[in-house]
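A.B. asks: The structure under discussion is supplied below as structure tokens; questions concerning it will follow.
The values are calculated or read from the model by the stated rules, or taken from the named source; none is laboratory data. The structure presented is a predicted model; accordingly, all values stated were derived computationally and were not measured. Cβ: placed from backbone, ideal geometry, glycine included. Neighbour counts: every protein chain shown. Side chains are part of the model used for accessible areas, which takes the heavy atoms of the whole protein and leaves out ligands, DNA and RNA. Shrake-Rupley method; radii C 1.70, N 1.55, O 1.52, S 1.80 Å.
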Amino acid sequence: MNKRVNKFWRWIATGIGTVVFGVGICTLTLIFVLPVRLLPVAKSVKHRWLMASISHLCAFYVKAVEVMGLMVYTREGPKLSCFRGHLIVANHITLVDALFILAESPYICCIVKVELLTNPFTRYIVKLAGYIPNSSETLLSDAAEALAAGKNLLIFPEGTRNSYDEQLDFKRGAANIALSTGCPIVPVVLSIQPRTLQKGEKWRVIPDSVVKVDISSYRPLVSPDIVQADSPVTLQARQLTSALVAFYRQEIGVIKTRQLHPEQTIQVERQRAS
Amino acid sequence: MAYTEDDIYQQLKETADKLFELDASAIVPEARLYEDLDIDSIDAVNMIIELRNKTGKPIPAEKFREARTIEDVVLVTLSVLNDSTS
């Protein structure tokens, strides 16, 4: 297809996607703000309903984005629906990466920027789903409570979208949660080409080619394997954070090599299989 | 016995070495906790707990909410400690 026609189509489709997602969030908000709030059901049950609804909405959105030809994605590693009470750690590459992760499991509680609690568009959803603000003084105890209830926590330790895949400027919140709760970490490594929906970028900026997202998850890491048990927890958090950054850097390298030489990967896989 | 500013600086230097592996020379009044010393909010809580253990005095964490520099921490610690001794 003509490149310009394709780009024009993706511009239209991105508009449709944005509207569909907006309508989805507004619908969920309306359903959960009024009728559901009035139901005599425990708060934790409502959190579960909304987490499941968000997961369905994200799955629909991911499908729609793929069908409309905006993004293609590859997925490697264990499915996130296998896990309960784990800390899912991901690098933050684009506005919509969380949707790919949320789509996979209805048991994900996000650690969010406090701005999402003041933004009129997101605040109700974030509150009603029981998401945890990252600046909360009770972050560690809130996280422990959510994990004990069988939720997985999703955290982007960079705290904000990065500007290139290898940036990986991790803050230590994720490490501190893992250390204080003892929960295992499921690394999710993301890579995107070309970059789109970046920080401060309008949705109308359409990349020149279809966006390719590579998503890899890995078997859980446990902190005692990584940190020195006799260090104070403040140093353990530093050790765990640098180990995570090193892990992500290495795996992004693997993904990039695969992107550049797909034929080699196939060979390697054949060798493994034989 | 009342604490002096020098006492607190000494305590802070020992604490920063133990908890953050920071050199004593980095603990100067104008050093900003987050930007210069990479001490985040969870680190700050751990630092206060350590000061509490060292001095054996109750040091409420919420008094440090506004503290941004080493000097802020020293002044707050000093006022808390001397209030509780008097």
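A.B. asks: With r defined as the distance between the Cβ atoms of A:LYS127 and B:ASN82 and R0 fixed at 41 Å, what FRET efficiency is calculated, to the nearest 0.05?
C.D. replies: The computed FRET efficiency comes out at 0.45.
A.B. asks: Whole Å is fine, so just give me how far the alpha carbon centre of region A:100-139 lies from that of region A:1-78.
C.D. replies: 15
A.B. asks: Something else now. Over both sides of the A-B contact, add up the buried accessible area with a 1.4 Å probe and give it to the nearest 100 Å².
C.D. replies: Counting protein atoms only, the buried area is about 1000 Å².
A.B. asks: Name the residue from B:LEU78, B:SER41, B:LEU19 whose Cα lies farthest towards the positive end of the charge dipole of chain B, charges +1 on Cβ of Lys and Arg and -1 on Cβ of Asp and Glu.
C.D. replies: Selected residue: B:LEU78.
A.B. asks: Now a separate question. Given a 1.4 angstrom probe, what's the average accessible area per residue across region B:5-85, in square angstrom?
C.D. replies: Per-residue accessible area for region B:5-85 comes out at 54 Å².
A.B. asks: While we're looking at this one, here's another question. Kindly flag which residue pairs out of A:LYS43/B:LYS63; A:LYS113/A:LYS256; A:LYS7/A:LYS79; A:LYS171/A:LYS199 have an alpha-carbon separation exceeding 25 Å in this structure.
C.D. replies: A:LYS43/B:LYS63; A:LYS113/A:LYS256; A:LYS7/A:LYS79
A.B. asks: How large are Rg and Dmax for region A:21-87 when only the alpha carbon atoms are used, in Å?
C.D. replies: Answer for region A:21-87, Rg first and Dmax second: 15.1, 43 Å.
A.B. asks: Give the carbon-plus-sulfur fraction of the accessible surface of chain A in %, rounded to a whole number; probe 1.4 Å, heavy atoms of protein chains only.
C.D. replies: Carbon and sulfur: 61 percent of the exposed surface of chain A.
A.B. asks: Residues of region A:129-164 losing 40 Å² or more of accessible surface, assembly versus chain alone, probe 1.4 Å, please list them.
C.D. replies: A:GLU137
A.B. asks: Here's another thing I want to ask about it. Give me the distance between the Cα centres of region A:194-225 and region B:27-59, rounded to whole Å.
C.D. replies: The two parts, judged by their Cα centres, are 35 Å apart.
A.B. asks: Can you sort A:THR234, A:THR257, B:THR69 by solvent-accessible area, 1.4 Å probe, largest first?
C.D. replies: Sorted descending by solvent-accessible area, the residues read A:THR257, B:THR69, A:THR234.
A.B. asks: A follow-up question, please. What is the projected area of the convex hull of the Cα atoms of region B:5-85, averaged over all directions, in nm²?
C.D. replies: The Cα convex hull of region B:5-85, projected and averaged over all directions, gives 4.6 nm².
A.B. asks: Comparing the chain by itself with all protein chains present, which residues of region B:21-63 are at least 50 Å² less accessible (probe 1.4 Å)?
C.D. replies: Flagged in region B:21-63: B:ILE42.
A.B. asks: If you don't mind, there's one more thing I want to ask. What does the convex hull of the Cα atoms come to per residue for region A:1-145, in Å³?
C.D. replies: Taking only Cα atoms, region A:1-145 has a hull volume of 131 Å³ per residue.
A.B. asks: Right, here's the next one. Under a 1.4 angstrom probe, counting protein chains only, how are A:PHE21, A:PHE170 ranked by accessible area, largest first?
C.D. replies: Greatest to least solvent exposure: A:PHE21, A:PHE170.
A.B. asks: Could you tell me, in Å, what Rg and Dmax come out for the Cα atoms of region A:87-144?
C.D. replies: Calculated on Cα positions, Rg and Dmax stand at 11.6, 29 Å.
A.B. asks: Given a 1.4 Å probe and every protein chain left where it sits, what share in percent of the accessible area of chain B is carbon and sulfur?
C.D. replies: 49
A.B. asks: Work out from phi, with θ = phi - 60° and the Karplus expression 6.51 cos²θ - 1.76 cosθ + 1.60, the ³J(HN,Hα) of each residue of region A:84-93, listed in order in whole Hz, and give x for Gly and Pro.
C.D. replies: 9, x, 10, 9, 8, 10, 9, 7, 9, 9
A.B. asks: Determine the per residue accessible area of chain A with all protein chains present and a 1.4 angstrom probe, expressed in square angstrom.
C.D. replies: 51
A.B. asks: Now for a different question. Heavy-atom accessible area of B:GLU35 with all protein chains present, probe 1.4 Å, nearest 10 Å²?
C.D. replies: It works out to around 120 Å².
A.B. asks: Ignore the peptide's own chain and count Cβ atoms of other chains within 10 Å of each Cβ in A:236-249; give me the average, rounded.
C.D. replies: Rounded to a whole number, the mean comes out at 1.
A.B. asks: So what does log10 I(q)/I(0) come out to for region A:114-256 at q = 0.11 Å⁻¹, using the Debye formula with one equal point on every Cα and no solvent?
C.D. replies: Here log10 of I(q) over I(0) equals -0.50.
A.B. asks: Using the Cα centre as the reference, give the magnitude of the dipole from point charges on the C-beta atoms of chain A (Lys, Arg: +1; Asp, Glu: -1; all else neutral), rounded to the nearest 20 debye.
C.D. replies: Rounded to the nearest 20 debye, it is 760 debye.
A.B. asks: Computed over the Cα atoms, what is the radius of gyration of chain A divided by 2.2 N^0.38 Å, N being its residue count?
C.D. replies: Cα-based Rg divided by the globular estimate yields 1.04.
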